[in-house]
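Student: Below are the C-alpha cells for one structure; questions will follow.
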Amino acid sequence: MSEQNLRALSAYISTLRQTLELSANLDTDADSLHALTEQLTALNKQLQPASGVKAAPHYIADYGDDISGILPYSPISGRLNPIAPPLEVERDDHKLSATVTLGRVYEGPPDLVHGSVVAAIYDQIMAFSAVDQKVAGFTANLSVDYLAGTPLLKPLTFSSWVDSVDGKKVIVKAECHSDGTLLTRCTGLFITFQPEPKK
C-alpha cells in the first residue's frame, strides 16, 4: 500500500472512531434514526467491493521506533482498527508508557471504563514490553488488581516493564495512573515462542 493510501485509510479509520463514539451516546427521534440507518446502509454497500483484503500486513516485524505499528489491526492498539482506542506508546530504556483517553465506547459502570478493556490494554502493552526486550511470547496468565475506578474521558497512563525471565517464562508488570493516582496494576506471565523443530 502506498504511503498516500495509508494516510487516507488512517484518516478514514479515525473518522469512523468518532462515529462510533457519537453513536454510543445517540438519543434522537425515530425519523432521524431511520435516516441515519439508511445512510449507513448505503455506505456499507459502497464499502463491500473494497473490503475483504487487508491493506497492510497483519504483523509488521520491522516496526522501527513505533512499536504500536507491529500490529496495525489489533483491536487494542491498531491504527487501522476502528474499535482500537488511540494508544500512544513511548519507549524509555526498559519501560513502555502508553497514554490514552477512553470515551463512551469503552464504558462499563457509569463514567468508568469497563474492567475488561483495562485488562485488554494491559495484555497488549505488556506483550509489547516483551517484544521490546526480545522475549516475545504468548500470554499465559494476567492478574489485574483494580484499586479504583478507571475514569472515562480523562488521560490515562499505562506503564509496563519486563520484571524477570526464567527460561521460557517471562514475568511482566504494569500500572495505570491518572492525575497521579494509581488505579490498577497487573502482573502477566508470558511464554516465549518456540522455534519450529528441524526435520
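The values are calculated or read from the model by the stated rules, or taken from the named source; none is laboratory data. Keep in mind that this is a model prediction, so the values were computed, not measured. All Cβ positions, even for glycine, are placed from backbone atoms using ideal geometry, and neighbour counts span all protein chains on display. Surface areas here come from the heavy atoms of the whole protein model, side chains and all, with no ligands, DNA or RNA. Shrake-Rupley method; radii C 1.70, N 1.55, O 1.52, S 1.80 Å.
Student: Within the range 6-30, take every residue that is under 19 Å from the mean Cα position of the chain (by Cα), among the polar types (S, T, N, Q) and open to solvent by 60 Å² or more (accessible area, probe 1.4 Å) and give me the one that is nearest to residue 76 (Cα to Cα).
Tutor: Selected residue: 14.
Student: Also: Just give me the residues in the range 31-42 being surrounded by 10 or more Cβ atoms within 10 Å (Cβ to Cβ) and either charged (D, E, K, R) or within 18 Å of residue 8 (Cβ to Cβ) (or both), in sequence order.
Tutor: 38
Student: A further question follows. Tell me, which residue of the range 149-181 that is of a type in the set (Asp, Glu) and closer than 17 Å to residue 133 by Cβ is most open to solvent (accessible area, probe 1.4 Å)?
Tutor: 166
Student: If residue 127 passes every condition in (1) of a type in the set (A, V, I, L, M, F, W, C); (2) touching a strand residue (DSSP E or B) at 6+ places or on another chain (Cβ under 6 Å); (3) modelled with pLDDT of 95 or more; (4) buried (at least 16 other Cβ atoms within 10 Å of the Cβ) but one, which one does it miss?
Tutor: (2)
Student: I want to confirm something. Restricting to the range 130-148 and keeping residues that are within 23 Å of residue 61 (Cα to Cα) and over 18 Å from the mean Cα position of the chain (by Cα), which single residue is surrounded by the most Cβ atoms within 10 Å (Cβ to Cβ)?
Tutor: 135
Student: State yes or no: is residue 3 open to solvent by less than 80 Å² (accessible area, probe 1.4 Å) and among the charged types (D, E, K, R)?
Tutor: Spelling it out, it is not the case that residue 3 is open to solvent by less than 80 Å² (accessible area, probe 1.4 Å) and among the charged types (D, E, K, R).
Student: I want to confirm something. Restricting to the range 57-103 and keeping residues that are over 19 Å from residue 157 (Cβ atoms) and β-branched (Val, Ile, Thr), which single residue is least open to solvent (accessible area, probe 1.4 Å)?
Tutor: So the residue we want is 70.
Student: Any residue at all in the range 51-64 that's within 16 Å of residue 20 (Cβ to Cβ) and without any contact (Cβ under 8 Å) to a residue 60 or more places away in the chain?
Tutor: Checked against the condition, which is being within 16 Å of residue 20 (Cβ to Cβ) and without any contact (Cβ under 8 Å) to a residue 60 or more places away in the chain, the range 51-64 yields no hits at all.
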